[in-house]
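Inspection log for the structure reproduced underneath, given as C-alpha coordinates.
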Amino acid sequence: MTALEGRERLRLAVPNKGRLVEPSVELLRDAGLVFEDHERSLVARVRNFDLDILFVRTNDVIEFVGDGVADLGITGEDLLAETGAELPRLRSLGYGQCRLAAAVPSDSGYRSIEDLAGLRVATAHPNTTRRFFETERVAVDVIPISGAVEVAPRLGLAEAIVDLVSTGSTLVMNGLRPIADVLTSEAILVANPTAQVQRAAELAAVDTMLSAVIAARDRKYLMMNAPANRLGELETLLPGLESPSVIPLAHAGMIAIHAVVGADDVWALLPRLKAAGASGILVLPIEKIVP
Ligand code: AMP
(Lines give C-alpha, C1' and ligand atoms only; values in the text may rest on other atoms or scores of the structure.)
Protein backbone atom coordinates (compact mmCIF):
# COMPACT_ATOMS: atom_id res chain seq x y z
CA MET A 1 0.00 0.00 0.00
CA THR A 2 1.38 3.44 -0.85
CA ALA A 3 1.28 6.26 1.67
CA LEU A 4 -1.50 7.90 -0.31
CA GLU A 5 -3.90 4.99 0.12
CA GLY A 6 -5.33 4.28 3.57
CA ARG A 7 -6.87 7.64 4.30
CA GLU A 8 -6.70 7.20 8.05
CA ARG A 9 -3.32 8.90 8.23
CA LEU A 10 -3.44 12.65 8.57
CA ARG A 11 -1.98 14.63 5.65
CA LEU A 12 -0.09 17.90 5.81
CA ALA A 13 0.64 19.77 2.55
CA VAL A 14 3.94 21.69 2.57
CA PRO A 15 5.65 23.75 -0.17
CA ASN A 16 8.28 21.76 -2.11
CA LYS A 17 10.12 24.76 -3.63
CA GLY A 18 10.84 28.34 -2.74
CA ARG A 19 11.28 30.40 0.38
CA LEU A 20 8.92 28.55 2.67
CA VAL A 21 10.44 25.07 2.18
CA GLU A 22 13.50 25.26 4.41
CA PRO A 23 11.88 26.92 7.45
CA SER A 24 8.84 24.64 7.13
CA VAL A 25 10.95 21.46 7.08
CA GLU A 26 13.01 22.80 9.99
CA LEU A 27 9.86 23.49 12.01
CA LEU A 28 8.53 19.97 11.39
CA ARG A 29 11.86 18.39 12.33
CA ASP A 30 12.20 20.59 15.42
CA ALA A 31 8.72 19.42 16.39
CA GLY A 32 10.24 15.93 16.55
CA LEU A 33 8.71 14.51 13.36
CA VAL A 34 11.01 12.00 11.64
CA PHE A 35 10.62 11.80 7.85
CA GLU A 36 12.59 11.50 4.62
CA ASP A 37 13.99 14.38 2.67
CA HIS A 38 11.47 16.29 0.57
CA GLU A 39 13.68 16.11 -2.50
CA ARG A 40 13.20 12.38 -2.73
CA SER A 41 9.45 12.12 -2.93
CA LEU A 42 6.10 13.82 -3.12
CA VAL A 43 4.91 12.01 -0.02
CA ALA A 44 7.05 11.65 3.07
CA ARG A 45 5.74 9.21 5.63
CA VAL A 46 6.37 10.42 9.16
CA ARG A 47 7.83 7.45 11.03
CA ASN A 48 6.90 8.42 14.56
CA PHE A 49 3.43 9.97 14.06
CA ASP A 50 0.35 9.06 11.98
CA LEU A 51 1.05 11.77 9.45
CA ASP A 52 2.02 11.94 5.78
CA ILE A 53 3.67 15.10 4.48
CA LEU A 54 2.74 16.00 0.90
CA PHE A 55 5.36 18.22 -0.76
CA VAL A 56 3.56 20.26 -3.41
CA ARG A 57 3.99 23.61 -5.16
CA THR A 58 3.47 26.55 -2.79
CA ASN A 59 0.55 27.73 -4.89
CA ASP A 60 -1.11 24.31 -4.77
CA VAL A 61 -1.08 23.93 -0.98
CA ILE A 62 -4.34 25.85 -0.59
CA GLU A 63 -6.08 23.79 -3.26
CA PHE A 64 -4.96 20.50 -1.70
CA VAL A 65 -6.27 21.61 1.69
CA GLY A 66 -9.45 23.13 0.25
CA ASP A 67 -10.27 19.93 -1.65
CA GLY A 68 -9.61 17.78 1.41
CA VAL A 69 -6.71 15.96 -0.28
CA ALA A 70 -4.72 17.25 2.70
CA ASP A 71 -6.13 17.96 6.17
CA LEU A 72 -3.57 20.63 7.02
CA GLY A 73 -1.28 22.88 5.03
CA ILE A 74 1.52 25.38 5.40
CA THR A 75 1.23 28.41 3.14
CA GLY A 76 1.67 32.19 3.06
CA GLU A 77 -1.07 34.55 4.23
CA ASP A 78 -0.62 36.49 0.98
CA LEU A 79 -1.40 33.38 -1.06
CA LEU A 80 -4.50 32.59 0.98
CA ALA A 81 -5.70 36.18 0.57
CA GLU A 82 -5.09 36.02 -3.18
CA THR A 83 -7.09 32.82 -3.74
CA GLY A 84 -9.90 34.10 -1.53
CA ALA A 85 -10.26 30.58 -0.07
CA GLU A 86 -11.94 30.64 3.31
CA LEU A 87 -9.75 28.10 5.05
CA PRO A 88 -9.55 28.11 8.84
CA ARG A 89 -6.16 29.51 9.96
CA LEU A 90 -4.90 27.57 12.92
CA ARG A 91 -1.71 29.46 13.61
CA SER A 92 0.93 31.92 12.43
CA LEU A 93 4.23 30.09 12.19
CA GLY A 94 6.73 32.89 12.85
CA TYR A 95 8.62 32.81 9.53
CA GLY A 96 8.10 33.87 5.90
CA GLN A 97 7.36 37.42 7.04
CA CYS A 98 6.90 39.82 4.18
CA ARG A 99 4.61 42.57 3.05
CA LEU A 100 2.85 43.23 -0.19
CA ALA A 101 3.73 46.80 -1.09
CA ALA A 102 2.79 49.23 -3.80
CA ALA A 103 5.97 50.69 -5.34
CA VAL A 104 6.84 53.19 -8.03
CA PRO A 105 10.07 54.14 -9.85
CA SER A 106 12.25 56.13 -7.41
CA ASP A 107 12.63 58.99 -9.87
CA SER A 108 8.88 59.31 -10.48
CA GLY A 109 6.74 61.98 -8.87
CA TYR A 110 4.16 59.53 -7.47
CA ARG A 111 3.98 59.86 -3.67
CA SER A 112 0.69 58.29 -2.67
CA ILE A 113 -1.88 55.74 -3.75
CA GLU A 114 -4.12 58.57 -5.02
CA ASP A 115 -1.35 59.61 -7.44
CA LEU A 116 -1.83 56.26 -9.22
CA ALA A 117 -5.42 56.98 -10.31
CA GLY A 118 -5.93 55.98 -13.95
CA LEU A 119 -2.50 54.30 -14.17
CA ARG A 120 -1.41 50.68 -14.63
CA VAL A 121 -0.29 48.50 -11.70
CA ALA A 122 1.51 45.22 -12.49
CA THR A 123 1.35 42.43 -9.92
CA ALA A 124 1.36 38.68 -9.33
CA HIS A 125 -1.39 39.28 -6.73
CA PRO A 126 -4.16 40.74 -8.94
CA ASN A 127 -7.12 39.89 -6.68
CA THR A 128 -5.55 41.35 -3.54
CA THR A 129 -4.40 44.39 -5.51
CA ARG A 130 -7.87 45.00 -7.00
CA ARG A 131 -9.46 44.69 -3.55
CA PHE A 132 -6.93 47.11 -2.08
CA PHE A 133 -7.43 49.82 -4.69
CA GLU A 134 -11.22 49.38 -4.53
CA THR A 135 -11.12 49.89 -0.77
CA GLU A 136 -8.92 52.95 -1.29
CA ARG A 137 -11.40 54.17 -3.96
CA VAL A 138 -8.62 54.68 -6.49
CA ALA A 139 -9.35 53.38 -10.02
CA VAL A 140 -6.30 51.67 -11.53
CA ASP A 141 -5.73 49.19 -14.32
CA VAL A 142 -4.38 46.01 -12.69
CA ILE A 143 -2.02 44.10 -15.00
CA PRO A 144 -1.64 40.48 -13.80
CA ILE A 145 1.83 39.01 -14.43
CA SER A 146 3.28 35.89 -12.90
CA GLY A 147 6.90 36.84 -12.21
CA ALA A 148 9.64 39.47 -12.43
CA VAL A 149 7.10 42.06 -11.31
CA GLU A 150 9.84 44.51 -10.30
CA VAL A 151 10.98 45.01 -13.89
CA ALA A 152 7.47 45.88 -15.19
CA PRO A 153 7.89 49.69 -14.91
CA ARG A 154 11.25 49.57 -16.70
CA LEU A 155 9.71 47.52 -19.50
CA GLY A 156 6.95 50.10 -19.88
CA LEU A 157 4.31 47.58 -18.81
CA ALA A 158 3.02 49.59 -15.86
CA GLU A 159 3.63 52.80 -13.92
CA ALA A 160 3.55 51.03 -10.55
CA ILE A 161 3.76 47.53 -9.08
CA VAL A 162 2.39 45.65 -6.10
CA ASP A 163 4.94 43.06 -5.01
CA LEU A 164 6.22 41.10 -2.03
CA VAL A 165 8.95 42.78 -0.04
CA SER A 166 10.89 41.50 2.95
CA THR A 167 14.05 43.58 3.30
CA GLY A 168 13.26 46.04 0.51
CA SER A 169 16.65 45.50 -1.16
CA THR A 170 15.11 44.03 -4.35
CA LEU A 171 13.02 47.19 -4.74
CA VAL A 172 16.07 49.42 -4.30
CA MET A 173 18.10 47.30 -6.72
CA ASN A 174 15.38 47.81 -9.30
CA GLY A 175 15.15 51.55 -8.77
CA LEU A 176 11.80 51.36 -7.02
CA ARG A 177 10.39 53.10 -3.94
CA PRO A 178 7.50 51.78 -1.81
CA ILE A 179 4.57 54.15 -1.32
CA ALA A 180 2.04 52.00 0.58
CA ASP A 181 1.56 48.65 2.31
CA VAL A 182 -1.16 46.49 0.82
CA LEU A 183 -0.93 43.47 3.13
CA THR A 184 1.43 41.94 5.68
CA SER A 185 2.03 38.22 5.52
CA GLU A 186 3.75 35.32 7.24
CA ALA A 187 3.64 31.54 6.95
CA ILE A 188 0.46 30.07 8.44
CA LEU A 189 -0.98 26.66 9.27
CA VAL A 190 -4.37 26.18 7.62
CA ALA A 191 -6.89 23.35 7.93
CA ASN A 192 -9.52 21.74 5.78
CA PRO A 193 -12.88 22.83 7.29
CA THR A 194 -14.31 19.27 7.37
CA ALA A 195 -11.13 17.80 8.86
CA GLN A 196 -11.17 20.57 11.43
CA VAL A 197 -14.48 19.17 12.72
CA GLN A 198 -14.09 15.45 12.05
CA ARG A 199 -10.43 15.06 13.02
CA ALA A 200 -10.26 17.83 15.58
CA ALA A 201 -8.16 15.92 18.12
CA GLU A 202 -5.51 14.89 15.57
CA LEU A 203 -5.31 18.39 14.12
CA ALA A 204 -4.95 19.82 17.61
CA ALA A 205 -2.11 17.34 18.29
CA VAL A 206 -0.15 18.56 15.25
CA ASP A 207 -0.93 22.17 16.07
CA THR A 208 0.33 21.69 19.64
CA MET A 209 3.54 20.08 18.36
CA LEU A 210 4.24 23.07 16.15
CA SER A 211 3.15 25.72 18.63
CA ALA A 212 5.39 24.21 21.33
CA VAL A 213 8.42 24.73 19.07
CA ILE A 214 7.36 28.22 17.98
CA ALA A 215 6.81 29.32 21.58
CA ALA A 216 10.23 27.96 22.62
CA ARG A 217 12.13 29.64 19.78
CA ASP A 218 12.05 33.12 21.20
CA ARG A 219 12.60 32.18 24.83
CA LYS A 220 15.54 31.11 27.01
CA TYR A 221 15.74 29.29 30.32
CA LEU A 222 17.78 31.13 32.95
CA MET A 223 19.26 29.49 36.04
CA MET A 224 21.16 31.43 38.70
CA ASN A 225 22.15 31.45 42.35
CA ALA A 226 21.50 34.39 44.64
CA PRO A 227 21.33 35.40 48.30
CA ALA A 228 17.78 34.70 49.55
CA ASN A 229 17.42 38.29 50.79
CA ARG A 230 17.75 39.64 47.21
CA LEU A 231 14.80 37.54 45.91
CA GLY A 232 12.33 40.44 45.74
CA GLU A 233 14.70 42.55 43.67
CA LEU A 234 15.48 39.67 41.29
CA GLU A 235 11.82 38.72 40.90
CA THR A 236 10.95 42.15 39.54
CA LEU A 237 13.56 41.60 36.79
CA LEU A 238 12.14 38.18 35.86
CA PRO A 239 8.54 38.34 34.75
CA GLY A 240 8.81 34.87 33.00
CA LEU A 241 6.03 32.55 31.84
CA GLU A 242 4.77 32.19 35.38
CA SER A 243 6.53 33.23 38.55
CA PRO A 244 10.13 31.99 38.66
CA SER A 245 10.96 28.74 40.50
CA VAL A 246 12.87 29.39 43.73
CA ILE A 247 14.86 26.52 45.22
CA PRO A 248 16.73 26.63 48.56
CA LEU A 249 20.41 25.66 48.32
CA ALA A 250 22.46 23.65 50.82
CA HIS A 251 24.42 26.80 51.66
CA ALA A 252 22.28 28.65 54.19
CA GLY A 253 20.80 31.93 52.95
CA MET A 254 21.35 31.05 49.29
CA ILE A 255 18.72 30.17 46.68
CA ALA A 256 18.61 29.03 43.05
CA ILE A 257 16.20 30.81 40.71
CA HIS A 258 14.97 29.37 37.41
CA ALA A 259 12.97 31.47 34.97
CA VAL A 260 11.87 31.63 31.34
CA VAL A 261 12.64 34.93 29.62
CA GLY A 262 12.41 36.41 26.13
CA ALA A 263 15.52 35.52 24.08
CA ASP A 264 15.88 39.13 22.96
CA ASP A 265 15.87 40.34 26.57
CA VAL A 266 18.69 38.11 27.83
CA TRP A 267 21.67 40.33 27.08
CA ALA A 268 20.15 43.40 28.67
CA LEU A 269 19.04 41.32 31.65
CA LEU A 270 22.36 39.68 32.57
CA PRO A 271 24.17 42.74 33.99
CA ARG A 272 21.04 43.77 35.90
CA LEU A 273 20.71 40.29 37.42
CA LYS A 274 24.38 40.37 38.46
CA ALA A 275 23.91 43.81 39.97
CA ALA A 276 20.95 42.43 41.91
CA GLY A 277 23.12 39.69 43.47
CA ALA A 278 22.81 36.80 40.99
CA SER A 279 25.84 34.61 40.29
CA GLY A 280 26.59 31.47 38.28
CA ILE A 281 24.00 32.46 35.71
CA LEU A 282 23.25 29.82 33.07
CA VAL A 283 21.38 30.59 29.84
CA LEU A 284 19.86 27.47 28.27
CA PRO A 285 17.92 26.88 25.04
CA ILE A 286 14.37 25.58 25.40
CA GLU A 287 13.26 22.80 23.09
CA LYS A 288 9.50 23.06 23.54
CA ILE A 289 6.98 24.99 25.60
CA VAL A 290 3.45 23.65 26.12
CA PRO A 291 1.62 26.20 28.28
P1 AMP B 1 8.08 31.11 -3.35
O2 AMP B 1 7.63 32.05 -4.44
O3 AMP B 1 7.71 29.69 -3.61
O4 AMP B 1 9.48 31.32 -2.93
O5 AMP B 1 7.21 31.45 -2.04
C6 AMP B 1 6.75 32.70 -1.92
C7 AMP B 1 6.07 32.85 -0.61
O8 AMP B 1 7.05 33.04 0.40
C9 AMP B 1 5.25 34.11 -0.65
O10 AMP B 1 3.96 33.87 -1.13
C11 AMP B 1 5.32 34.61 0.75
O12 AMP B 1 4.28 34.01 1.51
C13 AMP B 1 6.67 34.11 1.25
N14 AMP B 1 7.71 35.16 1.24
C15 AMP B 1 8.36 35.59 2.32
N16 AMP B 1 9.22 36.56 2.03
C17 AMP B 1 9.13 36.79 0.72
C18 AMP B 1 9.78 37.69 -0.21
N19 AMP B 1 10.68 38.59 0.18
N20 AMP B 1 9.46 37.60 -1.49
C21 AMP B 1 8.58 36.69 -1.90
N22 AMP B 1 7.94 35.84 -1.09
C23 AMP B 1 8.19 35.88 0.21
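The values are calculated or read from the model by the stated rules, or taken from the named source; none is laboratory data. Because the structure is predicted, anything quoted here is derived from the model rather than measured. Cβ sites come from the backbone with ideal geometry, for glycine too, and all protein chains shown count toward neighbours. What goes into the accessible areas is simple: the full protein's heavy atoms, side chains included, and nothing from ligands, DNA or RNA. Shrake-Rupley method; radii C 1.70, N 1.55, O 1.52, S 1.80 Å.
If you take the residues of the range 153-190 that are among the charged types (D, E, K, R) and within 22 Å of the chain's Cα centre (by Cα), which of them is farthest from the ligand (Cβ to nearest atom)?
Of the range 153-190, the ones among the charged types (D, E, K, R) are 154, 159, 163, 177, 181, 186.
Filter once more, keeping what is within 22 Å of the chain's Cα centre (by Cα): 163, 181, 186.
Values: Asp163: 8, Asp181: 14, Glu186: 7 Å.
Only one residue fits best here, namely Asp181.
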Open item on the list: Which of the numbered conditions does Glu77 fail, given that it passes all the others? Conditions: (1) more than 28 Å from Asp163 (Cβ to Cβ); (2) within 15 Å of the ligand (Cβ to nearest atom); (3) not aromatic (Phe, Trp, Tyr).
Closed with: (1)
Open item on the list: Out of everything in the range 19-32 that is within 17 Å of Val190 (Cβ to Cβ) and open to solvent by 20 Å² or more (accessible area, probe 1.4 Å), what residue ends up being nearest to the ligand (Cβ to nearest atom)?
Closed with: Leu20
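Within the range 89-123, which residues are within 16 Å of the ligand (Cβ to nearest atom), under 15 Å from Leu171 (Cβ atoms) and surrounded by 19 or more Cβ atoms within 10 Å (Cβ to Cβ)? Don't jump to the end; show me each part of the working.
Of all residues in the range 89-123, those within 16 Å of the ligand (Cβ to nearest atom) come to 89, 91-103, 122-123.
Still in the running and under 15 Å from Leu171 (Cβ atoms): 98-103, 122-123.
Cys98, Leu100, Ala101, Ala102, Ala103, Ala122, Thr123 - these are the residues of the range 89-123 that are within 16 Å of the ligand (Cβ to nearest atom), under 15 Å from Leu171 (Cβ atoms) and surrounded by 19 or more Cβ atoms within 10 Å (Cβ to Cβ).
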Task: Residue that is farthest from Phe132 (Cα to Cα) [pool: residues in the range 175-217 that are among the polar types (S, T, N, Q) and touching a residue at least 12 places away in the same chain (Cβ under 8 Å)] - done: Thr208
Open item on the list: Checking Phe64 against (1) within 13 Å of the ligand (Cβ to nearest atom); (2) in contact (Cβ under 8 Å) with a residue 40 or more places away in the chain: exactly one of these is not met. Which one?
Closed with: (1)
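Would you say Arg120 is outside the structural domain of Leu72 (by TED's automatic domain parsing) and over 28 Å from the mean Cα position of the chain (by Cα)?
Values: outside the structural domain of Leu72 (by TED's automatic domain parsing): yes; over 28 Å from the mean Cα position of the chain (by Cα): yes.
So Arg120 fits the description; yes.
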Task: Every residue from the range 168-194 that is open to solvent by 20 Å² or more (accessible area, probe 1.4 Å), within 15 Å of Glu77 (Cα to Cα) and part of a strand (DSSP E or B) - done: Asp181, Val182, Leu183, Thr184
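Can we say Leu238 is crowded, with 18+ Cβ neighbours inside 10 Å, out of contact with any Lys or Arg (no Cβ under 8 Å at 6 or more places or on another chain) and in the same structural domain as Glu114 (by TED's automatic domain parsing)? Write out each step before concluding.
Values: crowded, with 18+ Cβ neighbours inside 10 Å: yes; out of contact with any Lys or Arg (no Cβ under 8 Å at 6 or more places or on another chain): yes; in the same structural domain as Glu114 (by TED's automatic domain parsing): no.
So Leu238 fails the test.
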